[in-house]
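FYI, it's all coordinate maths here, none of it is from the lab. Treat the numbers as computed from the prediction; the structure is a model and nothing was measured. Ideal geometry is used to build each Cβ from the backbone, glycine not excepted, and the neighbour counts take in all protein chains shown.
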Amino acid sequence: MQLKEMFDMQKQLDTRIERSHDRKLTFVDKIVAAIVELGEAANEIRWFKKWSNKGQSSKEVILEELIDGVHFILSIGNSIESNLIYLHDYTAKMELSDFSEDFVRIIDGLVSVKVSYQNKHKNLLDYLYVDLMENYLGFICKLGFDMKDIEMMYYKKNEINHKDRIIIIKLLRGGRFEKMDRGRSTILRR
């Protein structure tokens with residue numbers, strides 16, 4: 001699966017977010033965010049919560065959480081700025097292991113990408129990033145989703161994220177908005 005369009009869309013979203021908040025996410029911030037999103041997805045999947053009888057969340061909720069991780073992993077790839085990464089034909093790497101092993105492999109991949117980036121090991125970094133993305137896509141597919149599901153949910157979440165940012169930008173620039181609070185309309189002003 002070619003992800004070039006998704007890399008481009010993520011770059012646009014990241015630029016918009018950075019402008020609206022007047023702050024830039026560092027490479028390490030993106031690594032932490034991806035780890036947090038993976039943890040949030042794990043809480044929805046619940047495979048490791050052997051002490052709980054509560055079942056997993058709906059498939060859509062799980063996919064949404066996993067796609068939040070895709071957003072940050074794409075953003076990490078954009079920070080690396082490599083044609084090999086942009087043009088690679090990604091496949092879902094599905095290991096014969098349990099979810100806990102897959103989860104740890106992805107965390108290891110994120111940490112390895114961080115270390116390689118900071119040490120400026122460019123050739124190794126490209127390889128580690130591709131491996132990370134393919135392991136992450138494989139983790140998603142192992143849960144019963146396919147590459148088309150991933151692509152469609154990414155586009156859906158990207159559109160939602162852009163709309164949210166437009167509202168925030170307008171509010172920060174003195175726009176006038178109505179906020180519904182328990183049925184009452186409130187005008188928000190800067």
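Quick one: L125, L143, fewest Cβ neighbours within 10 Å first, how do they rank? Could the numbers behind the result be given before it?
Working: L125 22, L143 18.
Lowest to highest Cβ neighbour count: L143, L125.
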Exposure proxy check: F72, F99 ranked by fewest other beta carbons within 10 Å? F99, F72
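Could you tally the net charge around Y86, taking each other residue with its Cβ under 13 Å from the Cβ of Y86, Lys/Arg +1 and Asp/Glu -1? Could you put the intermediate results ahead of the total?
Numbers: positive: K4, K11; negative: E5, D8, E81, D89, D126.
Every neighbour counted, the sum reads -3.
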Sticking with the crude label model, points 7 Å out along Cα→Cβ, report the distance from K142 to E81 in nm, one decimal please. 3.4
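To the nearest 500 deg cm²/dmol, what mean residue ellipticity at 222 nm is calculated for the chain from DSSP H runs of n ≥ 4 alone, each contributing -39,500 (n - 2.57), summed and divided by the residues? Mind dumping the intermediate values first?
Details: 7 runs with 131 residues, N = 190.
Helices in the chain give a 222 nm mean residue ellipticity of -23500 deg cm²/dmol.
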HN-Hα J in Hz across segment 107-116 - Karplus 6.51, -1.76, 1.60, θ = phi - 60°, x for Gly and Pro: 4, 4, x, 4, 5, 5, 4, 4, 5, 5
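Tally Lys/Arg at +1 and Asp/Glu at -1 over every other residue whose Cβ is under 14 Å from the Cβ of T26; what's the total? Before the final figure, lay out the partial values.
On the way: positive: R23, K24, K30, K114; negative: D14, E18, D29.
Every neighbour counted, the sum reads +1.
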Restricting the calculation to Cα positions, tell me the Rg (one decimal) and the Dmax (whole number) of segment 4-188 in Å. 18.0, 57
Can you give the angle from 0 to 90° between the axis of helix 4-21 and the longest principal axis of the chain, with both taken from C-alpha atoms, to the nearest 10? 40
So the compactness index of segment 25-67, its C-alpha Rg divided by 2.2 N^0.38 Å, takes the value 1.34
